[in-house]
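Before any comments, here is the structure.
The values are calculated or read from the model by the stated rules, or taken from the named source; none is laboratory data. Nothing here was measured: the structure is a model prediction, and the numbers come from that model. Cβ: placed from backbone, ideal geometry, glycine included. Neighbour counts: every protein chain shown. For accessibility, only protein heavy atoms count, side chains too; no ligands or nucleic acids. Shrake-Rupley method; radii C 1.70, N 1.55, O 1.52, S 1.80 Å.
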Amino acid sequence: MERPRDQRRARLPADTPVARKIADAYPAMPAALRKFADLVLSEPLHVARLSVHDAVALIDVSVATANRFATTLGYEGYPEFRSELIAGFEALLEPFTRMERKLAAKPTPATVFQASLKEDIANLEETLGMIPEETIMRAARLILGAERIFIAGFDLSAHLGGLLAIGLSNLGTPVRTVESGGGTIGALRHLVDYGAKDLVIGIAFPHYFRETLQLIEYAHDRGTPVLGITDGLGSPLAALATESLFVSADHDFNPPSSTAIAGVVEGLVAAVNSLKPAIAEKNRQFVEESYAYMAAKGGHWGKHD
C-alpha cells in the first residue's frame, strides 16, 4: 500500500474529537498502539479512506492492534472510530464528494461548462440578498476613511485581493497586499504599526487559511478596523471583523467560486467610487499618462510606432 508523499499536509487538526482523545490516552499507550496513533495523527485522511486491513498494512501491525487502539480511545470498535475520524473531515471533503458524484454521471465538457456558469449566476443572485444597503455603505466608508489599507488573503484570496488593490489604487490611500515572498511574517512587518485609523480587509472562504485568520486576529487585537469578505456568520473571519460582506460561493467543480467573490470585489470598488466622484478624473489622468503603454482596439501593438 503506497503512502502519501507529503505527510505534513494531512496532519489531524488538534481540535477534532479523535485528536483530543489520542492526546489524553497517548502517554499510557504501549508501543504498538502508539505506532498506530502516530499513523492516525500524521495521515488521518489516508487512514479514513482505508479499510482496517489496509490501514494496519501501512505500518505492519495487526488488526487486533487497530481494534485495541479504538477501544482504548473509548470507541466500541474500529468502525466507530473510523466513522468519527471521517466526520472530522466531512466539511473539508464534502465539496469533493459532490464533485465525485457529478463526475460519476459522466457529464460532457459542455454540460460542465454550462453548469458552472449557471452556478455562478445563482451565487451572484443569492449574494445580492445577503448584503444589505447599509452594510455596503458602512464598508465603503471604512475604506474611504482609512489612512492605510492592507488586504490579507492567501492562495485564491491573494489573487482576489490583488484585484481589489488595483480597484482601490486611485483613491490616494496606500494599499498593500500579502507579498508572495514575504508570507505571514512579511505581512506582519507592515501591520506592526497599524492602528485605529487604518483598515485591514480580510478575504477568507472555506477552507479558511490559518495565516489569513492570524493576520486578522493580530489586527483586531491591536484595534485596527477589519472589513471581512467571507461566506457567512459561521466564518471565523466574520467573528473578528468590524463589518462583513457575505458571499455565496458554492461550486460543484471548483469551490469556492472566484466569480461571485470577484463580483463583490468589483461591486465594492464601484460603491467606493460612487462616494468619491473625483476618482473619475483620476482614472482619466491615469489613462492619458499610460496610453503610450496600451494597445488601442484594432491598432498597432508592436514595440515601435
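Descriptive notes on the structure:
- Test: residue in the range 136-152 that is part of a helix (DSSP H, G or I) and either closer than 20 Å to residue 253 by Cα or of a type in the set (S, T, N, Q) (or both): no
- Filter result (part of a helix (DSSP H, G or I), under 24 Å from the mean Cα position of the chain (by Cα) and either farther than 30 Å from residue 242 by Cβ or not small (Gly, Ala, Ser) (or both)) within the range 120-135: 120, 121, 123, 124, 125, 126, 127, 128, 135
- Within the range 77-87, tally of residues that are out of contact with any helix residue (DSSP H, G or I) (no Cβ under 6 Å at 6 or more places or on another chain) and either at pLDDT below 70 or surrounded by fewer than 14 Cβ atoms within 10 Å (Cβ to Cβ) (or both): 3
- Looking only at residues in the range 157-172 that are at pLDDT below 90 and of a type outside the set (Gly, Ala, Ser), the one that is farthest from residue 216 (Cα to Cα) is 170.
- Going through (1) touching a residue at least 24 places away in the same chain (Cβ under 8 Å); (2) hydroxyl-bearing (Ser, Thr, Tyr); (3) closer than 23 Å to residue 271 by Cα one by one, residue 169 falls short only on (1).
- For the range 145-153, the criterion of a residue being in contact with a Pro (Cβ under 6 Å, 6 or more places away or on another chain) and open to solvent by 40 Å² or more (accessible area, probe 1.4 Å) is satisfied by at least one position.
- Residue among 117, 163 that is in a helix (DSSP H, G or I), of a type in the set (A, V, I, L, M, F, W, C) and exposed (fewer than 13 other Cβ atoms within 10 Å of the Cβ): 117
- The helices (runs of 4 or more DSSP H) located wholly in the range 11-50 that include 2 or more residues which are of a type in the set (Val, Ile, Thr) and modelled with pLDDT under 95 occupy 17-25.
- Filter result for the condition that a residue is among the hydroxyl-bearing types (Ser, Thr, Tyr), more than 30 Å from residue 191 (Cα to Cα) and under 21 Å from the mean Cα position of the chain (by Cα), over 42, 116, 83, 51: 116
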